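Below is one structure; the comments refer to it alone.
Computed from the coordinates by the stated procedures, all read-outs in this text should not be read as laboratory data. All values reported here derive from a predicted model rather than from experimental measurement. Cβ sites come from the backbone with ideal geometry, for glycine too, and all protein chains shown count toward neighbours.
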Amino acid sequence: MIHLSDVNKRFGIGTTSISAVEGVSLEIAKGEIFGIIGYSGAGKSTLIRLLNGLEMPTSGSVKIGGREISAIRGGELREARQKVSMIFQHFNLLWSRTVKENIGFPLEIAGVRKVERERKVAELIELVGLSGRENAYPSELSGGQKQRVGIARALANDPEVLLCDEATSALDPETTDSILNLLTDINERLGLTIVLITHEMHVIRKICHRVAVMEAGKVVEIGNVLDVFQAPREAITKRFVLQVTEPVETRQAIAHIKEEYPSGSLIKLIFVGERTEQPVLASLIRKYDIDVNIVQGNISHTHGGAYGTLLLQLVGDADVIAKAINYLHEEDVKTEVIGSD
Ligand SMILES: Nc1ncnc2c1ncn2[C@@H]1O[C@H](COP(=O)(O)OP(=O)(O)OP(=O)(O)O)[C@@H](O)[C@H]1O
């Protein structure tokens, strides 16, 4: 559906030019939810703007549905752009228009007749769960409802690709989840390809099939979300994964435990897929003469399956602890020793 080949985008001229996107090649399949994560300035917005033809690459090729966006102009480019819609962090709604009128706006521009427009708007209002709010103005809506209007408006022209630019960054966690559920639902129902950019790993974990990590204009890591969670390669990816698996409180708790209980070993167990449901810990306690303290545990659900971590403090003879860790390996549970006396 989307094909980028060695795409570069530079801004400015001569020595003052800056490379916003550098040597990016990637393919996004039809119906995929693809996430691009990176810190501020990594080049995410520029990359997403290259996908809807708002920016043209300095070099390289950007193809959507087989059409070379960087090679077409005028009416053909406008038509290609209609196949790619976008939603924004701050919704970009028209404040003087009602929900209905905002959603119908792209249809009005496209010259769709009133009867047909009203039918389509009613269908979209139902799809995004805004029934009853048709005549409200944006100022009367919550953040989540505003984004629902943004989504409905983006879907009005039956796009093939939906680009989401930090679409949940201005929302609270609960509303974020409801919008992410809506995007998943739309992806499944309409087979829509979704490309989203974010700086939050939670968003990637919750809805994306694959993820690309961007740093200084380059894609430094790419893969299935579950694979990246299990085995992040780059330092920056590890930091993003920690956002979800080890929040700041956990890191503080680990530091505290290391101080309070300097004996034994502090280890992290990583469970993937079906392993998250097996009683490995109970067997460990039964089999080995060690004390086991549970420090923290959580399970994250991704599109590709479950991913869980458990932090344990093992206290006992060093060789028994080594045997216990070996047993965990035999049971296919990955471990990481965080500290030992
Ligand atoms: N129109 C422009 N002119 C000059 N420099 C630009 C332009 N747009 C982006 N840049 C620069 O390109 C780099 C990448 O910016 P970009 O906005 O794509 O990053 P980002 O990952 O989306 O960050 P953010 O989340 O803060 O928007 C930055 O150094 C930025 O200053």
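For this structure, a couple of remarks:
- Euclidean distance between Cα centres, segment 45-89 to segment 292-339, Å: 46
- Among HIS90, HIS209, sorting on how many other beta-carbon atoms sit within 10 Å of each Cβ, with the fewest leading, yields HIS90, HIS209.
- Prolate/oblate/rounded label for segment 77-211 (Cα gyration tensor, a/c 1.5): oblate
- Peptides 188-199, 158-169, ordered by how many other C-beta atoms sit within 10 Å of their residues on average, highest first, read 158-169, 188-199.
- Over segment 2-243, the hull volume per residue, using the convex hull of the C-alpha atoms, is 132 Å³.
- Sequence-distant contacts, meaning Cα pairs under 8 Å at least 6 residues apart, place the relative contact order of the chain at 18 percent.
- The chain: calculated mean residue ellipticity at 222 nm from DSSP helix runs of at least 4, using -39500 (n - 2.57): -11500 deg cm²/dmol
- Sequence of GLU116, GLU234 once ranked by neighbouring C-beta atoms within 10 Å, starting from the fewest: GLU116, GLU234
- 3J(HN,Hα) along segment 250-260, derived from phi through the Karplus expression 6.51 cos²θ - 1.76 cosθ + 1.60 where θ = phi - 60°, amounts to 5, 4, 5, 5, 4, 4, 5, 5, 4, 6, 6 Hz, with x in place of Gly and Pro.
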